[in-house]
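Below you'll find the structure, written out as structure tokens, and then a few comments.
The values are calculated or read from the model by the stated rules, or taken from the named source; none is laboratory data. In this text, all values refer to a predicted model and were calculated from it rather than measured experimentally. Heads up, the Cβs are rebuilt from the backbone with ideal geometry, glycines too, and the neighbour counts pull from every protein chain shown. The accessibility values were calculated without ligands, DNA or RNA, using every heavy atom of the protein model including side chains. Shrake-Rupley method; radii C 1.70, N 1.55, O 1.52, S 1.80 Å.
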Amino acid sequence: MLLQLLKISGISLYPVYRDGDFVLISKIPIFVNGIHPGDVVVFEHHRFGKLIKLVERLEDGGRSLFVVGLDAESMDSRTFGYVPVNRVLGKVIWHISKK
Amino acid sequence: MLFKVLEKLDWVLGFEKARAHCDIPCGIYDPHQAQIGALTVIRMIDLMTEMKLTHAADSPESANNMPRYVLVKEEHAELVKREIRVIFGDYIKQEQLDKFPELPGLVHKIMQLASKSRQTADRQMACDLLEAVNRFAEIFWATKNIETKRVKAPYKPSEEVIYPVL
């Protein structure tokens, strides 16, 4: 899917992304420009389902992402390791916040 | 404005969710409950042994209390596993694994000893479980730069436990 609207559930990206905010994600910017540190991406995790996290760095020649949340208790690459780039469903291109 | 429109659409359509997955950030971690769990397992084995010595197996006392002891032993061995799993999975990060490389092996040992403590009434096994949990507690407090002391629990089964020096 080239564009997808998703609702955020959870607080690991608080205070930038809040529980209940909406994001529009797309794969197009990934095809055009790749993924870079600082991007916020949505990916499919085999255990936790669709997760949204901040890309901290790329490893393995750009094939793996180290993703983090902004909250100290975030479940992210510090807990479950690297995320293969082919699991990424899209990059956030529009953030629609309550505020 | 747009947010409100989307919120209403979400009511009707139910957009798929992207989880900003996070544990509730209470930050309260303490191996104490796991230690209490291990002590309880030992205590239940002691009570089972005592019951066997003082009452006939087919006595009403024995029939009533044995299942209760076994049930509590089961629950507390499981409590040990749950408490250690939560601290290991949620609190321990790579930095701590680098500093204490024995941790994964120790956690695996605790899981196995806790399971064995459910399957058997072997006191030594339960004491080994307590010792492994004590070592876990020692490491846990060390990650917070908090000193520990080894003291005898002030209640039966009076085995030694690691406490933080606060």
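Listing for the model above:
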read-out: Residue, farthest from A:Y17 (Cα to Cα), within the stretch A:60-72, restricted to residues that are open to solvent by less than 70 Å² (accessible area, probe 1.4 Å) and away from every other protein chain (no Cβ under 13 Å); value: A:G62
read-out: The stretch B:18-54, residues that are more than 14 Å from chain A (Cβ to nearest Cβ), modelled with pLDDT under 95 and in a loop (DSSP other than H, G, I, E, B); value: B:D30
read-out: Every pair of residues 6+ apart whose Cβ atoms lie under 7 Å, when the first sits in the stretch A:64-88 and is over 16 Å from A:D39 (Cα atoms) and assigned to a helix (DSSP H, G or I) while the second is at pLDDT 90 or above and open to solvent by less than 30 Å² (accessible area, probe 1.4 Å); value: A:R78/A:V68
read-out: Residue within the stretch B:70-85 that is assigned to a loop (DSSP other than H, G, I, E, B), out of contact with any Gly (no Cβ under 8 Å at 6 or more places or on another chain) and either crowded, with 16+ Cβ neighbours inside 10 Å or facing chain A (nearest Cβ under 10 Å) (or both) present; value: no
read-out: Extreme residue, surrounded by the fewest Cβ atoms within 10 Å (Cβ to Cβ), among residues of the stretch A:8-36 that are modelled with pLDDT of 95 or more and touching a Gly at 6+ places or on another chain (Cβ under 7 Å); value: A:S26
read-out: Residue match in the stretch A:37-52 (condition: surrounded by 21 or more Cβ atoms within 10 Å (Cβ to Cβ), within 12 Å of chain B (Cβ to nearest Cβ) and not in a strand (DSSP E or B)); value: no
read-out: Output for the stretch B:86-103, where each listed residue is within 14 Å of chain A (Cβ to nearest Cβ), touching a residue at least 12 places away in the same chain (Cβ under 8 Å), in contact with a helix residue (DSSP H, G or I) (Cβ under 9 Å, 6 or more places away or on another chain) and open to solvent by 30 Å² or more (accessible area, probe 1.4 Å); value: B:F88, B:D90, B:Y91, B:Q96
read-out: Qualifying residue in the stretch A:10-26 (condition: under 14 Å from A:G90 (Cα atoms), among the polar types (S, T, N, Q) and part of a strand (DSSP E or B)); value: yes
read-out: Selection from the stretch B:45-63 of residues that are within 27 Å of B:L129 (Cα to Cα) and either surrounded by 11 or more Cβ atoms within 10 Å (Cβ to Cβ) or touching a residue at least 40 places away in the same chain (Cβ under 8 Å) (or both); value: B:I45, B:D46, B:L47, B:M48, B:T49, B:E50, B:M51, B:K52, B:S62
read-out: Hits in the stretch A:79-99 - residues which are touching an Asp or Glu at 6+ places or on another chain (Cβ under 9 Å), closer than 25 Å to B:L97 by Cα and modelled with pLDDT under 90; value: A:T79
read-out: Complete set of residues in the stretch A:71-83 that are more than 12 Å from the chain's Cα centre (by Cα) and not hydroxyl-bearing (S, T, Y); value: A:D71, A:A72, A:E73, A:M75, A:R78, A:F80, A:G81
read-out: Matching entry among A:S12, A:S26 (being closer than 23 Å to B:L6 by Cα, facing chain B (nearest Cβ under 7 Å) and touching a Leu at 6+ places or on another chain (Cβ under 8 Å)); value: A:S12
